[in-house]
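Visitor: Next up is a structure, given as C-alpha cells.
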Amino acid sequence: MRTQVAIIGAGPSGLLLGQLLHAAGIDNIVVERQSGDYVLGRIRAGVLEQVTMDLLAQAGVDARAKAEGLPHDGIELLFKGARHRIDMHALTGGKRVTVYGQTEVTRDLMEARAAKGLTTVYSAANVSLHDFDGQHPRVRYEKDGATHEIECDYIAGCDGYHGVSRASVPPGAIRLYEKVYPFGWLGVLADVPPVSHELIYANTSRGFALCSMRSATRSRYYVQVPVEEKVERWSDEAFWDELRARLDPEAREHLVTGPSLEKSIAPLRSFVAEPMRFGRLFLAGDAAHIVPPTGAKGLNLAAADVGYLSQAFIHHYRDHSPSALDRYSDLCLRRVWKAERFSWWFTSLMHRFPDTGEFGQKIQEAELDYLAHSQAAATSLAENYVGLPLESF
Ligand code: FAS
Ligand code: PHB
C-alpha cells in the first residue's frame with residue numbers, strides 16, 4: 001500500500017488528524033493495534049476546549065458535540081467545606097468549555113472516517129516504523145497471518161504513551177522529562193444525574209475529589225487514592241461513601257448514587273518528549289506528552305497538536321513550503337509546556353501529598369481562598385482552563 005501520511009493510532013489524535021488531512025485532500029491511512037470496539041471502550045476525558053471544538057468543526061465532525069455537548073461557563077472549587085464558583089465565561093471575555101466525552105468524540109471521528117471510506121487498519125499486530133530518518137519511510141504490521149507494508153511520505157505517531165512511535169526514536173535523539181505523582185484517580189461512570197450542573201473540584205483533608213458528568217443523566221466522579229490502590233478493593237458502596245465524605249453538605253444531600261458502568265484507577269504523571277519531530281516522523285498527543293487530568297488538558301493538547309500538524313502538512317503539500325513542518329515541534333512544545341505547568345499547578349493545589357501536612361493544607365487553603373476572592377488569580381486559572389490560543393505558523 002502507499003499513502004502520503006501513515007498515521008499510527010486510532011485514538012482522538014490519529015482519527016482527528018486523518019479527518020483534517022482528508023478535508024485538505026491529503027491521503028492517509030490509520031493503523032491501530034486494537035479493535036475499534038476496544039478503543040471505544042476506554043473511558044477517559046470529558047471536557048473540550050473551544051480550540052478542540054473548532055478543530056472538530058474544521059474536520060466536519062462537530063455536529064453531535066454541538067447538539068449534545070454541555071456548554072459550561074464555570075467550575076466550582078470546594079475547600080474548607082464550601083464551594084466557590086469561578087466564572088470562566090466572564091473572566092475570559094466569553095470563553096467556555098464543552099462537556100462531551102472522549103468516547104463520543106472518538107465515535108464521531110470513527111463514523112466520519114468510515115463514511116468517507118478512508119482506510120483504517122484495526123487489530124494490526126507488531127506495528128513497526130522504518131526509514132523515517134530517510135526519504136522513504138515505511139510502516140509494517142501483521143494482520144490475518146500476513147505481513148503488510150505501507151510506503152508513505154511521512155509518519156504521524158499518534159499511538160499514545162505506550163506506543164511504538166516514540167519507542168522507535170534512537171535514545172540519543174530524544175529528551176524525556178517526567179514527574180510521577182504519588183497517587184491515582186479512582187474513577188466511576190454511572191447513569192445517575194450529576195450532583196451539580198457544573199464541575200466541582202474538591203480539596204479536602206481526605207484528598208481530592210472531582211464531580212464531573214457526560215450528560216444530564218450520566219455522571220463521572222473521581223476520588224484521589226494511593227498510587228498502590230487496587231480497584232478490586234472498591235465496591236460501588238465504598239466509592240459513594242468516600243465521595244460523600246469529600247463533599248459539602250448541599251452536594252452530599254443532592255448526590256444520587258447507582259451501579260457503576262465503569263470503575264478504574266488512572267495513574268497521574270507529567271511527561272514531555274522533546275523534540276516532537278524526527279526526520280519524517282512526527283509525534284502528536286499522548287505519544288509526546290502526558291498531563292495529570294486535573295486541568296482537563298490531555299485530550300485538548302492532543303487535538304491542538306494535530307491541528308498544528310495538519311496545517312503544516314497542508315503548507316507542505318499545497319504551498320510546497322517545508323517551513324511549517326520545520327516549526328511544528330517548537331510551536332507544539334510552547335503550548336504543551338504551558339499546559340504542563342497549569343496541570344502540575346492545579347494538581348499540586350488540589351491533592352494531598354505525603355508531605356502536605358497541616359502547614360501544607362493551610363497553604364493550599366490560602367491559595368484557594370485567594371483564587372475565590374481575587375479577580376487576577378481567578379482570571380489566570382480561567383484562561384488556562386478554557387485553553388490558551390493557538391499560534392499561527
Ligand atoms: P490515545 O492513547 O488515546 O490513543 C493512542 C492509540 O494508539 C490507542 O488507540 C492505542 O491502542 C493505539 N496504539 C498504541 N500502540 C500502538 C501501536 N504499537 N500500533 C498501533 N496503534 C497503537 N485527558 C483529559 O483531558 N481528561 C481526563 O479525564 C483524562 N483521563 C484519562 C484517563 C486515563 C486512564 C488515560 C490513560 C488518559 C486520560 N486522559 C484524560 C488523557 C487522554 O484523554 C489522552 O490525552 C487522549 O486519549 C490522547 O489521545 P491520543 O494522543 O490519541 O492517545
Ligand atoms: C472527566 O469528566 O472525565 C474530567 C473532567 C475534568 C477533568 C478531568 C476529567 O479535569
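Visitor: Using the beta-carbon distance between residue 321 and residue 135 and R0 = 25 Å, what value does 1/(1 + (r/R0)^6) give for FRET efficiency, to the nearest 0.05?
Guide: Rounded to the nearest 0.05, the efficiency is 0.90.
Visitor: For the pair residue 126/residue 238, report the inter-label distance in nm, with labels modelled 7 Å from Cα in the Cβ direction.
Guide: For the pair residue 126/residue 238, the computed spacing is 4.2 nm.
Visitor: Any idea what the dipole of the chain comes to, in debye rounded to 20, about its Cα centre with Lys/Arg Cβ at +1 and Asp/Glu Cβ at -1?
Guide: Here the size comes out at about 180 debye.
Visitor: Also, I was wondering about something else. Excluding residues fewer than 8 places away in the same chain, name every one of the lysines whose C-alpha is closer than 22 Å to that of residue 66.
Guide: 95, 116, 297
Visitor: Hey, another quick one. Using the charge dipole of the chain (Lys, Arg: +1 at Cβ; Asp, Glu: -1 at Cβ; taken about the Cα centre), state which of 82, 217, 393 has its Cα farthest towards the positive end.
Guide: 393
Visitor: May I pose another question? Could you name the aspartates and glutamates whose alpha carbon sits less than 14 Å from that of residue 338, not counting residues in the same chain fewer than 8 places away?
Guide: List returned: 305, 330, 383, 391.
Visitor: How large, in percent, is the carbon and sulfur part of the accessible surface of the chain at a probe radius of 1.4 Å?
Guide: 51
Visitor: Pop a pseudo-label 7 angstrom from the Cα along the beta-carbon direction at both residue 338 and residue 57 and give the gap in nm to one decimal.
Guide: 2.0
Visitor: Another question, then. With the other protein chains left in place, how much accessible area per residue, in square angstrom, belongs to region 170-214 at a 1.4 angstrom probe?
Guide: 38
Visitor: A further question on this structure: Would you list which lysines come within 22 Å of residue 362, measuring only between C-alpha atoms, while excluding same-chain residues fewer than 8 positions from it?
Guide: 80
Visitor: Please compute the length gained on full extension between residue 146 and residue 24, using 0.36 nm multiplied by the number of residues separating them and subtracting their Cα-Cα distance.
Guide: Gain on extension, residue 146 to residue 24, equals 40.7 nm.
Visitor: Using alpha carbon centroids, what distance separates region 57-101 and region 116-132, in Å?
Guide: The distance from the Cα centre of region 57-101 to that of region 116-132 comes to 35 Å.
Visitor: Could you check which residue among 249, 226, 171 shows the biggest mean-square fluctuation in a GNM of the chain with a 10 Å Cα cutoff?
Guide: 171
Visitor: Of 246, 83, 175, which is the most mobile in a GNM of the chain whose springs link Cα atoms less than 10 angstrom apart?
Guide: Its mean-square fluctuation being the largest, the pick is 175.
Visitor: Toward the positive end of the charge dipole of region 37-151, about the Cα centre and with charges on Cβ (Lys, Arg +1; Asp, Glu -1), which of 99, 139, 53 goes farthest?
Guide: 99
Visitor: In addition: Looking at the calculated P(r) for region 160-222, what percent of the C-alpha pair distances fall above 13 Å?
Guide: 73
Visitor: If you take every residue apart from residue 88 with its C-beta less than 13 Å away from the C-beta of residue 88, what net charge results, scoring Lys and Arg +1 and Asp and Glu -1?
Guide: -3
Visitor: Evaluate the distance, in nm, between pseudo-label points positioned 7 Å from the Cα of residue 266 and of residue 374 along their respective Cα→Cβ axes.
Guide: Calculated label separation equals 2.9 nm.
Visitor: Using a simple charge model, +1 on the beta-carbon of Lys and Arg, -1 on the beta-carbon of Asp and Glu, nothing else, what dipole does region 280-345 show about its Cα centre, in debye to the nearest 20?
Guide: Here the size comes out at about 140 debye.
Visitor: What accessible area per residue comes out for region 29-120, rounded to a whole number of Å², with a 1.4 Å probe?
Guide: About 43 Å² of surface per residue is accessible.
Visitor: Give me the percent of Cα-Cα pairs in the chain that sit more than 27 Å apart, rounded to a whole number.
Guide: So the portion of pairs separated by more than 27 Å is 49 percent.
The values are calculated or read from the model by the stated rules, or taken from the named source; none is laboratory data. All values reported here derive from a predicted model rather than from experimental measurement. Using ideal geometry, Cβ is built from the backbone for each residue, glycine included, and neighbour counts are taken over all protein chains shown. What goes into the accessible areas is simple: the full protein's heavy atoms, side chains included, and nothing from ligands, DNA or RNA. Shrake-Rupley method; radii C 1.70, N 1.55, O 1.52, S 1.80 Å.
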